[in-house]
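Written out below as structure tokens is the structure these notes cover.
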């Protein structure tokens, strides 16, 4: 079993829809949780960063962490075609340095 | 802030030759940098942790003599793929954080093709 599980998709939704992406994990030692967006042939770009449980909002993006269920989510409101990318969840045990990544979900927003 | 620059973005080399990839933190100092490898449609796999002024720490299964890492300054780490073979063709990405509790920022990656 992988430490971090993420549905690879692909996920295709119409423009303006609310997108929900999620990851589950098995190691309760994870404390730092991140979401990265990766466009084709580019490096990952940090979207959201959360320490421990709770919610965090930044513009159209909301990240949720439920440590009791070992489940994290990323919500994208008013989705745009420019949001089409692969979204990677990542987490670490100590500090936000040595990351374990999910497989990534390929998202397409259709105009 | 927290910009990580990687060079070159793309390189093609012949089998048996060596290739050097540079990773720079442009606006901050990074005592630790990380090198990842990504195959098509797959996630990032950590190869090694690069420590300024000391030896790199390699993940299990990564050949340290094949993937040479040098972190000679607080803003530069290099990855040299020695005696490259076609199976080394991949997307190599470096990352760094401003401090231990800050999230990692990634370079734009280097696409290596070995012919």
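If you go through the stretch B:75-114 one residue at a time, how many are more than 13 Å from every other protein chain (Cβ to nearest Cβ), more than 25 Å from residue A:93 (Cβ to Cβ) and either in contact with a helix residue (DSSP H, G or I) (Cβ under 7 Å, 6 or more places away or on another chain) or surrounded by 14 or more Cβ atoms within 10 Å (Cβ to Cβ) (or both)? Looking only at that region, the number is 10. Summed over the stretch B:23-70, residues that are assigned to a strand (DSSP E or B) and within 14 Å of chain A (Cβ to nearest Cβ) total 20. In summary, strands (runs of 3 or more DSSP E) completely within the stretch A:61-111 and bearing 3 or more residues that are under 30 Å from residue B:30 (Cα atoms), facing chain B (nearest Cβ under 10 Å) and at pLDDT 95 or above occur at A:85-92. Does any residue of the stretch A:50-58 turn out to be touching a strand residue (DSSP E or B) at 6+ places or on another chain (Cβ under 7 Å), touching a residue at least 40 places away in the same chain (Cβ under 8 Å) and crowded, with 19+ Cβ neighbours inside 10 Å? Scanning the stretch A:50-58, I find no residue that is touching a strand residue (DSSP E or B) at 6+ places or on another chain (Cβ under 7 Å), touching a residue at least 40 places away in the same chain (Cβ under 8 Å) and crowded, with 19+ Cβ neighbours inside 10 Å, so the answer is no. Total residues in the stretch A:21-45 satisfying the condition of being surrounded by fewer than 19 Cβ atoms within 10 Å (Cβ to Cβ) and either facing chain B (nearest Cβ under 7 Å) or at positive phi (or both): the figure is 2.
The values are calculated or read from the model by the stated rules, or taken from the named source; none is laboratory data. No experiment lies behind these values; they were computed from the predicted model shown. Every residue, glycine as well, gets a Cβ built from its backbone with ideal geometry; the counts of neighbours run over all protein chains shown.
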